[in-house]
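The values are calculated or read from the model by the stated rules, or taken from the named source; none is laboratory data. What you see is a predicted model, and the numbers here were worked out from it, not measured in a lab. Ligands, DNA and RNA are stripped out before the accessible areas are found, and what is left, the full protein with its side chains, is counted by its heavy atoms. Shrake-Rupley method; radii C 1.70, N 1.55, O 1.52, S 1.80 Å.
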Amino acid sequence: MLTMRPATLDDVPILREWDSRPHIIAIMGDDDLSDWESELACTTQWQEPPWKWDFIAEVDGTPIGMVQIIDPHRETDHYWGDVAENLRAIDIWIGEVEYLGQGHGSVMMATALEFCYSDPDVTGVLIDPLASNARARKFYEQMGFEFVEYRTFGTDYCAVYQHTR
Ligand SMILES: CC(C)(COP(=O)(O)OP(=O)(O)OC[C@H]1O[C@@H](n2cnc3c(N)ncnc32)[C@H](O)[C@@H]1OP(=O)(O)O)[C@@H](O)C(=O)NCCC(=O)NCCS
């Protein structure tokens, strides 16, 4: 059974390991590798900062992937630029290859969307796969996301999609 729990500093080794997997490197674009210690240091004080939520997905207790949710308006690096309030943005990945393509991603995303919309003010959810990530794009379309535009973040040419409550 798939469950999701808040990520903690104990997850740093597995997150680093997933970052080194070829199927993850292939979809990362030119983003710098995350400094997971710094990213997760705040998670020990759950919901601090109040614009970022990190989850580990587990199948029968085995960690398989990650879901990162931010409020793109309040996120301090302003990755999304000038963006409306009351949205969320999601990053999702399964690090364990043998768990790909078995429906786990769909459950992870459904759980993430439920979490986002548990805040009554949230009106929609953004995602930005590389334009070349055909598998993820098909996945998002199947989950009800609608294509908005192509947009370049840094040097990454991405396809922006939005899910609406
Ligand atoms: C994208 C991802 C989270 C989807 O999770 P998943 O568990 O593999 O997907 P699911 O098994 O739930 O499949 C859902 C849908 O995704 C699409 N999909 C899944 N595997 C696919 C494949 N090999 N090729 C094309 N589409 C595929 C299909 O539309 C599928 O629906 P279907 O089974 O009815 O055809 C996962 O593949 C992943 O982590 N990939 C690597 C990292 C990544 O690309 N993350 C997104 C970055 S923006």
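Could you tell me which of rounded, prolate or oblate describes the chain, using a ≥ b ≥ c as the square roots of the eigenvalues of the alpha-carbon gyration tensor, with rounded for a/c under 1.5 and, failing that, prolate when a/b is larger than b/c and oblate otherwise?
Rounded, because the longest to shortest axis ratio a/c is under 1.5.
Using a 1.4 Å probe over the heavy atoms of the protein chains, calculate the carbon and sulfur portion of the accessible area of the chain as a whole percent. Before the final figure, lay out each step's value.
Values: 4420 of 8680 Å².
Taking all protein chains in place, the chain shows 51 percent carbon and sulfur surface.
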